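Coordinate-derived values only; no laboratory data. Please read these numbers as outputs of a predicted model, since none were measured by experiment. No Cβ is skipped: glycine too gets one built from the backbone with ideal geometry, and neighbour counts run over all protein chains shown.
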Amino acid sequence: MRVLHLDLDAFFASVEQRDKPSLRGKPVIVGGLGPRGVVSTASYEARVFGVRSAMSMSEARSRCPNAAYLSGRFGVYRAVSAVVMARLRKLSPVVEPLSLDEAFVDLAAGPGGAPPSADEVRALARSLRSTIVDETGVTASVGVAASKLMAKIASEQAKPNGLVVIEPGTELDVLHPLPIRALPGVGPATAARLARFGVKTVGDLARITEPDLVDLLGDAHGRSLHRLSLARDDRPVSADRESKSVSVEDTFDRDLTDPALLAAIVVRLADRVAQRLATAGLSGRTITLKTRLHDFTTLSRSSTLPAPTDDARMLSWVATQLLADLDTTGGVRLLGVGVSGLSDWVQDDLFVADAVPTAVPAEPVDDALHERRGWSPGMDVVHAVHGAGWVWGSGRGRVTVRFETADTPPGPVRTFAVDDPELTPAPPPPIPTDPLAAA
């Protein structure tokens, strides 16, 4: 057994409950709070009401009206994730992060150079989970198996806060009773197509011959699902998994029609993409603009440069040219800018255009991109008299704060004017580069 999969339980919501004692044991939902927002994470208490990730926030509110709805603190989440990923790299140099809260680990690449035994795996995983709780205050579910497929399935079965080890030779006993959606690559459309042939479980799928699956789903998809249905998965854990693209998108609270505002938003999004490229040491040749219109029609337009770039001005210029070719008079509900064809070198032409749109005042752009300078529910604040706390809610010129931290009991609630000079946002925590080395 060489592959370990770790998944932090209800990660964003768990961090909020860790830092906000009054929310422990209560439903917490983190995500976009606007009328078109979606749920990023729901605590297990909220999931009892049917709330799940990617659900519209309006539906979540109808299902669980008494939950705490928070906008999220991504600086805090990144800091916690850095501690967890560093801990995983103590087990093995080959760690493949999938997101802030999820990663594969190749245990055979760790000390000793051979896959550990089942007993060794259990002891190692128990120690890992205990250490993560001690260091971060959040729990993790861990699965271990001979392949990435089965390790991921094992961690799903371990949720929440558990450990499942699938020993070699038992894979099909675990895999075949599962619904076909348990396999990667089986979404709603593929599941519906297979259901028409009586395929509901992975075992049902395994009884279909590979040629028949290829006829039904196409060559690559059919062959891949046939292998996975038999627990054949030789994908390696990759510590340097290559990024295929870098993108940023946002959905607006209202349909936007002003061409100048739309162009300014594209410039802002392109700038954020450029920052991510620079942070990752990457550049790219193909710039893509994603536009979702008022009627939910989604358009994608791309342009490929002769050489890779990470220059925000070039990305902005290309993306705004792509926008100018679209009819947006009916209104736009989403814009996104992405870069693909990634490289680790840059050779820009020297003509970076001066034709980037004339600047639009920051406030309407901030409003459209949900970057309002205000008091967002859940954000950390500090009051000169009452100390540290977090925003409970705001409106009509007032902001309500609950004064508590992870190390205090549930605290009192106070309300202030939004411009109270004694109330300020708390700085985000530093993201450790090597938190274990500093310990």
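When the alpha carbon coordinates of the range 1-66 are projected onto the principal axes, the ranges are 45, 26, 20 Å, largest first. Each principal axis of the Cα atoms in the range 25-175 has its own extent, and those three values, largest first, are 52, 36, 25 angstrom.
Here is what passes the span test in the chain: the DSSP H helices with alpha carbon length of 20 Å or more along the helix axis and a Kyte-Doolittle mean of -1.0 or above are 74-91, 118-136, 259-280. For the chain, the C-alpha radius of gyration sits at 1.09 times the compact-globule guess of 2.2 N^0.38 Å, with N the residue count. With contacts taken as Cα pairs under 8 Å and at least 6 residues apart, the chain reaches a relative contact order of 15 percent.
Placing +1 on the Cβ of every Lys and Arg and -1 on the Cβ of every Asp and Glu, with nothing else charged, gives the chain a dipole about its Cα centre of roughly 1120 debye. Convex hull volume of the C-alpha atoms in the range 203-326, normalised per residue: 191 Å³.
In the range 192-214, which residues have a backbone nitrogen under 15 Å from the label point lying 7 Å from L172's Cα in the Cα-to-Cβ direction? Counting only backbone N, you get 202-210.
Computed over the range 190-263, the P(r) curve from all C-alpha pair distances, binned at 10 Å from the origin, holds 15, 29, 16, 20, 16, 3 percent per bin. In terms of packing, defined here as the mean over residues of other Cβ atoms within 10 angstrom, the peptides 136-144, 46-54, 211-219, 412-420 line up highest first as 136-144, 46-54, 211-219, 412-420. Among the listed pairs K90/K159; K26/K90; K148/K244, which are separated by more than 26 Å between their Cα atoms? Where the Cα-Cα span goes over 26 Å, the pairs concerned are K26/K90.
Sorting the segments 298-311, 60-73 by their residues' average number of neighbouring beta-carbon atoms within 10 angstrom, most packed first, yields 60-73, 298-311. Can you work out the base-10 log of I(q)/I(0) for the range 106-201 at q = 0.23 1/Å, using the Debye formula on its C-alpha atoms alone? For the range 106-201 at q = 0.23 Å⁻¹, log10 I(q)/I(0) is -1.17. The distance linking the range 80-99 with the range 178-229 is 32 Å (Cα centroid to Cα centroid, whole angstrom).
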